[in-house]
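Rule-based calculations on the coordinates, nothing more; no lab input. In this text the structure is predicted, and so the values were computed from the model without any measurement. Cβ coordinates were reconstructed from backbone atoms using ideal geometry, including for glycine residues, and neighbour counts include every protein chain displayed.
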Amino acid sequence: MKEFNDQTQFGRLMIAANAKYASIETTADLARHMERDHQVLYNWSKRGIPPKEIDGLSDKYDCNPRWLKDKKGEMHLNEPAKLATKRDQEISEITELLKILPDDDFRQVKDVSENLAHYLLNKASADGKK
């Protein structure tokens, strides 16, 4: 991919688009993906992205609209902090999955988790008595 500068709105758009879709490497790729005329993107690269486009583009390419507009904040709204261990990463991934579960499924997972926790505590207690 051509290196795009994050100092411009258009450069940040290209970086976000490529982060989400590795196949978007050039302005022409982005124009095809967006189903926009190449001239529109050329204008954005010279004049900036129109304010009315920022929110839609940030949704489409999963980036923070403030970052896209003026480079404030992180590129991604929910960018996880660098996690220290693989276990921390796995816990974070499980937590994110739990957030999107339907209520009935969440209750089932919660019940199973509570039963497992009780089992493990009892097992640890029994192992400590040996």
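Here is the list for region 1-47: trypsin sites (Lys or Arg not before Pro) lying in DSSP coil, each with at most 13 other C-beta atoms within 10 angstrom of its C-beta, are K2, R36.
Which label marks the calculated value of Rg and Dmax of the Cα atoms in Å, given the options (i) 16.4, 49; (ii) 22.4, 76; (iii) 12.7, 35? Computing Rg and Dmax of the Cα atoms in Å and matching it to (i) 16.4, 49; (ii) 22.4, 76; (iii) 12.7, 35 gives (ii).
Put in order of Cβ neighbour count within 10 Å, fewest first, the listed residues L116, L57 become L116, L57.
If R0 equals 25 Å, the separation of the Cβ atoms of D55 and L97 corresponds to a calculated FRET efficiency of about 0.40.
Filter the GluC sites (Glu not before Pro) in region 19-116 down to the DSSP loop ones having no more than 16 other Cβ atoms within 10 Å, then list what survives.
E25, E35, E74
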